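Reviewing the structure listed below.
The values are calculated or read from the model by the stated rules, or taken from the named source; none is laboratory data. Fair warning: this is a prediction, and the values are worked out from it, not measured in the lab. Cβ sites come from the backbone with ideal geometry, for glycine too, and all protein chains shown count toward neighbours.
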Amino acid sequence: MADICVASHHTSLAELLADEEFYMLSQRDGFLIELRLDYYSDLTLDNFNVALNVFAPKAIVTYRHPAEDGRRTNVSDSERLSYLQRAAEAGAKYIDIETRTPHADFKKHQSQLILSFHDFEQALDSYELRRRREEMNADAEADIIKIACRSDNIQDTAPLLSLLTDNAALKPLIALAMGESGFWTRVVGPLFGSPLTYARGERAPGTAAGQPTWRELEENYRFHQLKPGWPVYGVIGNPITHSLSPLMHNTALRKMGLDGVYLPFRVEGDPIEFVNTFASALGIKALSVTIPHKETMLKICSEVHELARMIGAVNTILLNSNGAWYGANTDAFAAADALEEVIGSLRGKNVLVLGAGGAAKAVAFGVKVRGAHVFVANRTIEHAVALAAAVGGKMIRYDELDGRPNFAAVINTTSVGMFPDTQQTPLKKEQIPESSIVFDTVYNPLRTKLLKLAQEKGCEVLEGVTMFVRQGACQFELYSGAKAPREAMKQVVLAALKNARLLSEPRALASGRAVKRIAP
Ligand code: ATR
């Protein structure tokens, strides 16, 4: 089992020693504590000895070189090494020394040596990474090699993947890309035999972007269970950091007892290049696709579900048995299923779609193929005309909506009413058709102004979160072949929304475009 090393963020040893979270973790199997000696204002040999008494058997001790993010610039190599030597004498589990720190005379005792290299300034190319790794591998004292470098985009992290996949007869490797695009590197190490990864404490203030908390790794990503051969799933989009899809899908995998881990990939550039570079090396079997890649990803699919073809966009791709990509659009199924669950068959029923963008298109085709008559209302009339024509429906102007019971269902696909503009509504109360079911794809807030007005009018309402869970459940069933534990998925999403500080999927269908901050 690989370990989760929780990095001390404390500014003094006294603060670390008083931190119950770190003490608790030091007592648990599968956890290590990283002591960053360059951080501590009260670092003296006496104070350090006290800390070693508590943490040594579970510690990675490092006194980071100033050129590699060390905070003390006026400290000599020999002084840094003397502290590390003390840690080894006291039985620290690991000592981390940078390649640039001369360490030929260092005595490891029972400790293992992590030989490390960090570059916070730049991403390294494959050639440079391989050269460094070979050099580090040749260091007779090194037990583990750690290479961490900056990444500004997902392609910057590709050379680390090729290092991870090339493990033959080399010392164990920890390869990390710092920055949001490098999140995946923090999680997948055990799939490639890495002995440990780094996480932050739950109360760590503003730490490195892309570094998960230990709890996320342990509970959501099942880090301690990850093994070579586990399938990898994920969501690609931009932005993606606060997507709820990883939480929802990992919950489903765990609940169903299935191997597999689902990761967020922030892909800024060409998503096809991402898939071609990463999918086979990382073991990716399926991906959720969100804004802005839904249309482009259609092109990578050799086979596409008819509905996705009509919509011109996929939100899911998965490898079929021939190793080719199959694309589907579960947004469309989810909208139609959610409505049919409440009002029965849509055949012959009038459905009013508010909006005429990408999300509207998926919804409109989704209900159309179930036999509904589609009406489209939109701020820009020409867009409504175009969508109505594409689905064989009718355009209707907002000012023609007078509340008469002409529609079995109304679906809002615009962002109107989404946080922070929660007092906005796409329809005034008097425009909401009587006895219609009103469905809002916005799910931040859970109950939008539109839904509140609809309820006041006695209409049945459907929240966007239902939709988000459904499209995810449908994806899960496609890639896993198992029945989705929909209730568990919904509960975990609801809990996250209730605690949410940040959301990037405020609309169930068109997740990811706007990052909306909920006031703390
Ligand atoms: P998505 O792909 O998420 O659906 P989109 O393609 O940009 O996003 O579409 C957004 C939809 O919401 C459009 O129909 C847009 O109307 P316009 O076609 O007039 O742009 C609609 N929309 C966005 N903001 C709106 C607002 N403040 N009032 C009314 N409609 C709005």
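Against the condition over 26 Å from Lys294 (Cα atoms) and away from the ligand (no atom under 16 Å from the Cβ), how does Lys428 come out, does it pass?
Numbers: over 26 Å from Lys294 (Cα atoms): yes; away from the ligand (no atom under 16 Å from the Cβ): no.
Spelling it out, it is not the case that Lys428 is over 26 Å from Lys294 (Cα atoms) and away from the ligand (no atom under 16 Å from the Cβ).
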Looking at region 279-293, can you tell me whether even one residue there is in contact with a Phe, Trp or Tyr (Cβ under 9 Å, 6 or more places away or on another chain), of a type in the set (D, E, K, R), within 18 Å of Leu319 (Cα to Cα) and modelled with pLDDT of 95 or more? yes
Has region 54-70 got any residue that is over 22 Å from Leu217 (Cα atoms) and within 27 Å of the chain's Cα centre (by Cα)? yes
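Do any strands (runs of 3 or more DSSP E) entirely within region 38-148 hold 2 or more residues that are out of contact with any helix residue (DSSP H, G or I) (no Cβ under 8 Å at 6 or more places or on another chain) and surrounded by 15 or more Cβ atoms within 10 Å (Cβ to Cβ), and if so, which?
Values: elements: 59-62, 94-98, 112-119.
Per the criteria, 94-98, 112-119.
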If we only count helices (runs of 4 or more DSSP H) wholly inside region 150-268, which ones have 1 or more residues that are surrounded by fewer than 21 Cβ atoms within 10 Å (Cβ to Cβ)? 158-165, 245-255
Tell me which residues, restricted to region 345-395, are part of a helix (DSSP H, G or I), buried (at least 18 other Cβ atoms within 10 Å of the Cβ) and more than 14 Å from the ligand (Cβ to nearest atom). Val367, Lys368
Of the conditions (1) touching a Ser or Thr at 6+ places or on another chain (Cβ under 8 Å); (2) modelled with pLDDT of 95 or more; (3) within 16 Å of the ligand (Cβ to nearest atom), Thr296 satisfies every one except a single condition; which number is it? (1)
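When you scan region 321-344, how many residues do you find that are assigned to a strand (DSSP E or B) and at pLDDT below 95?
Selection size over region 321-344: 0.
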Residues to consider are Gly323, Gly312; find the one that is within 16 Å of the ligand (Cβ to nearest atom), more than 19 Å from Arg470 (Cβ to Cβ) and among the small types (Gly, Ala, Ser). Gly312
